[in-house]
Amino acid sequence: MSERPRFVRAQRMTIVNGILLVVAVIIVLQLWLLTATMNAWLGGDARIVWPAALASLGCLALNLGLLRYLYRLE
Amino acid sequence: MIQRDEQLPVGDERGSAPPDGRPLAAQPKWRRDFPIDWPHDEWVSRREFTRFLVLTSGALAVGQLWIAAKSLLGASAPAAPELQVAKVDELPVGRARTFHYPAGSPPRILVRTAAGFVAYDQQCTHLLCPVIPAVEQGRLYCPCHEGWFDLETGRPLAGPPQRPLPKIRLKVVEGRVFATGIEEQAR
């Protein structure tokens with residue numbers, strides 16, 4: 001007896017659309033973070049450089065986790 | 001070859017309906033000749049687009065790390081040695097001269113005010129035009145886009161510049177003016 005898939009196709013499409021939207025929002029956030037950090041750094045304020053880098057890495061980790069989840073849906 | 005029932009509704013698990021939702025028989029010949037599993041095609045294309053976006057996210061994170069690394073390297077750069085840039089006698093109050101500190105750097109401007117000497121990067125922080133001292137007004141003026149800076153602090157006062165002029169630290173010893181460093185904000 002074959003194992004029944006966890007999600008039907010329509011559900012998987014909803015999931016991929018939702019994840020796509022979340023990833024896009026996170027990228028806009030990262031882009032804003034990069035712009036703001038560059039502006040502050042060029043203005044002589046280096047205090048936020050490392051916290052911003054860690055936040056951006058956190059966003060990347062979240063995106064990678066979401067992508068991994070997508071690939072495991074098949 | 002994909003097995004399909006031409007009467008199946010869109011999104012049905014057992015078959016695949018073209019994007020317009022009409023049965024296969026109503027589709028153009030090219031679609032009937034080259035049938036595709038449409039929902040699966042859509043699933044794969046969106047998944048791959050998500051992967052591309054994650055790559056973009058990685059590029060942005062790398063850019064952020066690059067700024068952090070540059071910030072570390074900049075902080076550990078050795079300070080430039082002291083350099084004599086003028087003699088007190090040769091620069092009357094209200095006059096200015098340019099110099100390079102450290103050697104090979106963009107031009108800096110040394111201004112003598114009633115209160116003493118001040119020195120800044122001569123390039124406007126907007127689009128790098130050379131600034132001109134307006135000592136009577138206590139300001140530095142960029143004629144390109146009507147930018148104004150405070151002569152005592154280098155802070156932008158008016159016009160397009162948003163960042164202060166990098167300030168050069170000075171000291172006066174035995175009638176000679178030395179540049180001793182660039183203030184942290186200038187990096």
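Summary of values
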{"quantity": "Residues (β-branched (Val, Ile, Thr) and facing another protein chain (nearest Cβ under 7 Å)) located in the range A:22-41", "calculated": "A:Val23, A:Ile26, A:Ile27, A:Thr37"}
{"quantity": "Residues located in the range B:155-165, provided they are crowded, with 20+ Cβ neighbours inside 10 Å and either in contact with an Asp or Glu (Cβ under 6 Å, 6 or more places away or on another chain) or part of a strand (DSSP E or B) (or both)", "calculated": "B:Pro156, B:Leu165"}
{"quantity": "Test set (1) of a type outside the set (Ser, Thr, Tyr); (2) in contact (Cβ under 8 Å) with a residue 40 or more places away in the chain; (3) surrounded by 17 or more Cβ atoms within 10 Å (Cβ to Cβ) - A:Ile27 fails condition number", "calculated": "(2)"}
{"quantity": "Subset of the range B:124-135 that is aliphatic (A, V, I, L, M) and assigned to a strand (DSSP E or B) - its residue that is farthest from B:Gly94 (Cα to Cα)", "calculated": "B:Ile132"}
{"quantity": "Single residue of A:Ile15, A:Ile19 found to be open to solvent by less than 50 Å² (accessible area, probe 1.4 Å), within 15 Å of the chain's Cα centre (by Cα) and either free of Cβ contacts under 8 Å to residues at least 12 places away in the same chain or more than 7 Å from chain B (Cβ to nearest Cβ) (or both)", "calculated": "A:Ile15"}
{"quantity": "The range A:50-74: number of residues that are modelled with pLDDT of 95 or more, of a type in the set (A, V, I, L, M, F, W, C) and open to solvent by less than 70 Å² (accessible area, probe 1.4 Å)", "calculated": "9"}
{"quantity": "Residues satisfying the stated conditions in the range B:136-147, i.e. under 18 Å from B:Leu91 (Cβ atoms) and crowded, with 18+ Cβ neighbours inside 10 Å", "calculated": "B:Leu140"}
{"quantity": "Spans of strands (runs of 3 or more DSSP E) in the range B:57-123 with at least 2 residues without any contact (Cβ under 8 Å) to a residue 60 or more places away in the chain, away from chain A (no Cβ under 14 Å) and closer than 24 Å to B:Ala134 by Cα", "calculated": "B:96-100, B:107-113, B:116-121"}
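Yes/no matrix, rows are residues, columns are (1) of a type in the set (A, V, I, L, M); (2) assigned to a strand (DSSP E or B); (3) out of contact with any Ser or Thr (no Cβ under 6 Å at 6 or more places or on another chain); (4) free of Cβ contacts under 8 Å to residues at least 40 places away in the same chain:
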{"position": "B:Thr153", "(1), (2), (3), (4)": "no, no, yes, yes"}
{"position": "B:Ile168", "(1), (2), (3), (4)": "yes, yes, yes, no"}
{"position": "B:Val172", "(1), (2), (3), (4)": "yes, yes, yes, no"}
{"position": "B:Phe178", "(1), (2), (3), (4)": "no, yes, yes, no"}
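The values are calculated or read from the model by the stated rules, or taken from the named source; none is laboratory data. Bear in mind that the values here come from a model prediction, so they are computed numbers and not experimental data. Methodologically, a virtual Cβ is constructed for each residue, glycine included, from the backbone with ideal geometry; neighbour enumeration extends over all protein chains shown. Protein only, heavy atoms only, side chains kept; ligands, DNA and RNA dropped before computing areas. Shrake-Rupley method; radii C 1.70, N 1.55, O 1.52, S 1.80 Å.
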